[in-house]
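Reviewing the structure listed below.
The values are calculated or read from the model by the stated rules, or taken from the named source; none is laboratory data. Because the structure is predicted, anything quoted here is derived from the model rather than measured. Don't worry about glycine lacking a Cβ; one is built from the backbone with ideal geometry, like all the others, and counts go over all protein chains shown. Just the protein is used for accessible areas: all its heavy atoms, side chains included, with ligands, DNA and RNA removed. Shrake-Rupley method; radii C 1.70, N 1.55, O 1.52, S 1.80 Å.
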Amino acid sequence: MAYSNYGRGSLRRTPKKKNKNVWEYRFYYPDDFNTPVRKHITVHATTERDAWKLSIAKQTEFLKTLNEQQTIKREQRLNELFKLYINDVRSHLQRETLGTYITTWEKHLQPLHNIPVKKLTAHHLKDAMRKYAETRRTHKRYKANPFPAPRSLQRVYVQIGTFMKWLLIEEYIERDFMIHVSKPKLPEREYPAIYSNHEYLTYLQACQEYDKAHNTHTATITYISRTTGMRLGEVLALTFAAIDFNTNTVFVSEALNAYRGKKAPKKHSVRRIKVTDEFLDEVRLQQERLRKQSAAMPAGLWQGNKYNLLFPDRTGKILFKNTMSSKLSTIRKNLNLRPELKHHNLRHTYATDLINAGVDIKTVKDILGHSQTSTTENYYQAEVQRSQDDAIAVTSKILSPTKAEELQTILEK
């Protein structure tokens, strides 16, 4: 908006008797969106004629300065404005999200960098999305599918949308151009990979052999993930105080980050899970192993009494999630299991078993710690009505690491 004399305003003498030579000039000028804004100017003059001259001169000077500021503002390029946007939202975004925003903008949205904001149109945004979707990724892990995944397209669309809303709020643009940019369509969600009984038993036996050689707890962790549907971070954050042996329940109230240790999970992830007697037997065996481990340590090195963790490291402190993930990944690679089978898929396998056994979707949601039933339904389509008692009946049939002889017999067959 170029500012000029929008029209002569009104002039009046201030009603104070002591200051008869003070005049107040009032006029309107349009803002960025053509909305009239009122402005007051005070001048000192002995006559009304002189007051008018001073008022008009001040009005002209004010509008000229405003016009220059707006011109500079509109000539800023999107790359400069994105840095201002990042500084503005830095305080209320997580570090990982912030890093993703910056990486996406610098590497994948380069066509938008040097566009002045006054020349920005919806076509620029459409072209940026199209070029991102058509760009082939050269890393070897993308050899099978070199183009961005639908979820990546969706993430970029949301990121550009939030940036445009910020530009609109800060009055750099007059309207949100994203309403003219079509939202990328996502394909139907694929069901997660599920462990077969033989694959799980093979994985469990390999974990047992790994534990004997390296003095770790991978077999028990695998069993707990398979029989409770807990995430790996939640399993590693379990303490003995969270297990109630009288009511056969586990209270999930903490989880582990990749590097930073414990954290409080989301509100809906805090939950109680009923467990089987076999589960509690495994916990007692793990407790006994930790007693032997602490007794073998030199005096003063064992920190297990302080942390009270079910699966600590060699000195009783927190065993970080990435450390255990690396060990479990090594075990799976040596078994030549399907590539899509990760440790997290044990959680999906457990949920699928519950639904196939007729447990209602709300109960499965509560056990898994999902926020909504729709989240559970997206992974496991089901329409059933049962309770947690049925879930326990299903869980009790899953073999634990202590049934080594029975496990070996099944694998030989």
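Brief remarks follow.
- Arg155 being open to solvent by 100 Å² or more (accessible area, probe 1.4 Å), modelled with pLDDT of 85 or more and either part of a helix (DSSP H, G or I) or over 30 Å from Asn257 (Cα atoms) (or both): yes
- Lone qualifier among Pro150, Pro184 - being out of contact with any helix residue (DSSP H, G or I) (no Cβ under 8 Å at 6 or more places or on another chain) and either surrounded by 12 or more Cβ atoms within 10 Å (Cβ to Cβ) or over 19 Å from Lys342 (Cα atoms) (or both): Pro150
- Taking the conditions (1) under 19 Å from Val181 (Cα atoms); (2) open to solvent by 30 Å² or more (accessible area, probe 1.4 Å); (3) not in a helix (DSSP H, G or I) in turn, Arg137 satisfies each one other than (1).
- Some residue of the stretch 98-105 being open to solvent by 70 Å² or more (accessible area, probe 1.4 Å) and at negative phi: no
- Count of the stretch 319-341 residues which are surrounded by fewer than 18 Cβ atoms within 10 Å (Cβ to Cβ) and either of a type outside the set (D, E, K, R) or not in a helix (DSSP H, G or I) (or both): 12
- Test result for Ile392, at pLDDT below 90, open to solvent by less than 70 Å² (accessible area, probe 1.4 Å) and assigned to a loop (DSSP other than H, G, I, E, B): no
- Of the residues making up the stretch 87-97, those that are in a helix (DSSP H, G or I) and open to solvent by 60 Å² or more (accessible area, probe 1.4 Å) are Asn87, Asp88, Arg90, Ser91, His92, Arg95, Glu96.
- Odd one out for Gly300 among (1) out of contact with any helix residue (DSSP H, G or I) (no Cβ under 6 Å at 6 or more places or on another chain); (2) in a helix (DSSP H, G or I): (2)
- Residue in the stretch 124-137 that is touching a strand residue (DSSP E or B) at 6+ places or on another chain (Cβ under 9 Å), modelled with pLDDT of 85 or more and among the aliphatic types (A, V, I, L, M) present: no
- Comparison of His123, His198 shows that the only residue that is in a helix (DSSP H, G or I), over 29 Å from the mean Cα position of the chain (by Cα) and within 30 Å of His344 (Cβ to Cβ) is His198.
- Summed over the stretch 226-237, residues that are part of a loop (DSSP other than H, G, I, E, B) and open to solvent by 10 Å² or more (accessible area, probe 1.4 Å) total 1.
- Odd one out for Thr162 among (1) assigned to a helix (DSSP H, G or I); (2) among the hydroxyl-bearing types (Ser, Thr, Tyr); (3) buried (at least 18 other Cβ atoms within 10 Å of the Cβ): (3)
- Single unsatisfied condition, Lys118 versus (1) open to solvent by 80 Å² or more (accessible area, probe 1.4 Å); (2) assigned to a helix (DSSP H, G or I); (3) without any contact (Cβ under 8 Å) to a residue 12 or more places away in the chain; (4) more than 17 Å from Lys183 (Cβ to Cβ): (3)
- Subset of the stretch 187-197 that is of a type outside the set (A, V, I, L, M, F, W, C) and modelled with pLDDT under 90 - its residue that is surrounded by the fewest Cβ atoms within 10 Å (Cβ to Cβ): Glu188
- Restricting attention to the stretch 358-372, the residues that are within 14 Å of Ile273 (Cα to Cα) and in a helix (DSSP H, G or I) total 7.
Condition check ((1) in contact with a helix residue (DSSP H, G or I) (Cβ under 6 Å, 6 or more places away or on another chain); (2) not hydroxyl-bearing (Ser, Thr, Tyr)) across all residues:
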| residue | (1), (2) |
| --- | --- |
| His198 | no, yes |
| Leu204 | yes, yes |
| Asp211 | yes, yes |
| Thr216 | no, no |
| Ala219 | yes, yes |
| Ile224 | yes, yes |
| Gly229 | yes, yes |
| Gly233 | yes, yes |
| Leu238 | no, yes |
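- Selected residue (only one of Tyr210, Tyr223 is crowded, with 21+ Cβ neighbours inside 10 Å and in a helix (DSSP H, G or I)): Tyr223
- Residue check for Thr35: surrounded by 13 or more Cβ atoms within 10 Å (Cβ to Cβ), modelled with pLDDT under 85 and of a type in the set (Ser, Thr, Tyr): no
- Residues (assigned to a loop (DSSP other than H, G, I, E, B) and modelled with pLDDT of 90 or more) located in the stretch 238-272: Leu238, Phe245, Asn246, Thr247, Asn248
- Some residue of the stretch 215-231 being modelled with pLDDT of 90 or more, touching a strand residue (DSSP E or B) at 6+ places or on another chain (Cβ under 9 Å) and of a type in the set (Gly, Ala, Ser): yes
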